[in-house]
Amino acid sequence: MHLLPLPALADNYIWLLHDDDGNAVVVDPGDAAVVEQALTARGLRLRAILLTHHHPDHVGGMSALRARHGVPVHAPVHPDIGQPFQPAIDGDRIELGAPSIQFDVIAVPGHTLSHIAFVGAGLLFCGDTLFSMGCGRLFEGTPAQMLRSLDRLAQLPADTLVCAGHEYTEVNGRFALAVEPANAELARRMLDVASLRESSRPTLPVRLGNELACNPFLRVDTNGVVDWAQRQGCGGDRVARFAALRHAKDDFRA
């Protein structure tokens, strides 16, 4: 399998996965033209579309691609996702014949209530739930819901590649350093990120194990984040610490 992050819109990534026979699946196609260009350039045939949530920058190109290629769409149930599509709910397994791959569906409410993630072949397509060194804003869900979702993702194998929906890594990392300035793994990751962005390369995908070492939203129980929360006057439980992190990130100016 070959994995391609396709830059789109302001800072989105559309994920294109294809085999050596030219069969492709696309995840969160916010812009149909970007996908069509990639398919044509590589001589690929689109076989399926996967959607993680209903926001326009993730589904905007879906209808045009579905109409042009006549492919199935696997998506969470939401009225803003136009029919027809095959509902994907927690615990489902999606089996594609070409490319030959299986994805398990995980419900990850928080950013939106119906948000899902797809896990398969060592890849995690997590939309706007988990970013490198960050997580999505809580547009619909609660801190407790988002923390439970991130806890579920954190249980995946450490070598899982996180394929998030946006190039937010650099600013997320600056916030993470403000929370854990003594985190040596985080400092190393930021050096790598700076090198990648200087050459206009994506910072994704990234190993989940790296995120467990660097991402404060996956580290609410570590001493560094607990100490940060106490300095903010937040002496509550882990949900309160997560909520404090998310609130601080919302107001953060790098």
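The values are calculated or read from the model by the stated rules, or taken from the named source; none is laboratory data. None of the values given here were measured: they were computed from a predicted structure. Don't worry about glycine lacking a Cβ; one is built from the backbone with ideal geometry, like all the others, and counts go over all protein chains shown.
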Report yes if some residue within segment 206-224 is among the acidic types (Asp, Glu), assigned to a helix (DSSP H, G or I) and touching a strand residue (DSSP E or B) at 6+ places or on another chain (Cβ under 9 Å); otherwise report no. yes
Just a yes or no: is a residue in segment 216-234 surrounded by 15 or more Cβ atoms within 10 Å (Cβ to Cβ), in contact with a Ser or Thr (Cβ under 8 Å, 6 or more places away or on another chain) and not acidic (Asp, Glu)? no
Residue hits (segment 29-49; acidic (Asp, Glu) and touching a strand residue (DSSP E or B) at 6+ places or on another chain (Cβ under 6 Å)) are ASP31
Restricting attention to segment 89-110, which residues are within 17 Å of the chain's Cα centre (by Cα) and buried (at least 18 other Cβ atoms within 10 Å of the Cβ)? PHE103, VAL105, ILE106, ALA107, VAL108, PRO109, GLY110
Cβ-Cβ distance below 9 Å, separation of 6 or more or different chains: which pairs start in segment 169-180 with a residue that is touching a residue at least 24 places away in the same chain (Cβ under 8 Å) and more than 15 Å from VAL225 (Cα to Cα) and end on one that is charged (D, E, K, R) and buried (at least 21 other Cβ atoms within 10 Å of the Cβ)? THR169/ARG189
Got a number for residues in segment 228-240 being at pLDDT 95 or above and either among the charged types (D, E, K, R) or touching a strand residue (DSSP E or B) at 6+ places or on another chain (Cβ under 7 Å) (or both)? 1
Looking at segment 1-109, what strands (runs of 3 or more DSSP E) fall wholly within it and have at least 1 residues that are basic (Lys, Arg) and over 19 Å from LEU130 (Cα atoms)? 45-50, 93-96
Looking only at residues in segment 186-205 that are within 14 Å of ASN172 (Cα to Cα) and aliphatic (A, V, I, L, M), which one is surrounded by the fewest Cβ atoms within 10 Å (Cβ to Cβ)? LEU191
Test SER149 against the criterion of being touching a residue at least 24 places away in the same chain (Cβ under 8 Å), closer than 28 Å to VAL239 by Cα and surrounded by fewer than 24 Cβ atoms within 10 Å (Cβ to Cβ), and give yes or no. no
Of the residues LEU65, LEU17, which single one is under 21 Å from GLU167 (Cβ atoms), among the aliphatic types (A, V, I, L, M) and in contact with a Pro (Cβ under 9 Å, 6 or more places away or on another chain)? LEU17
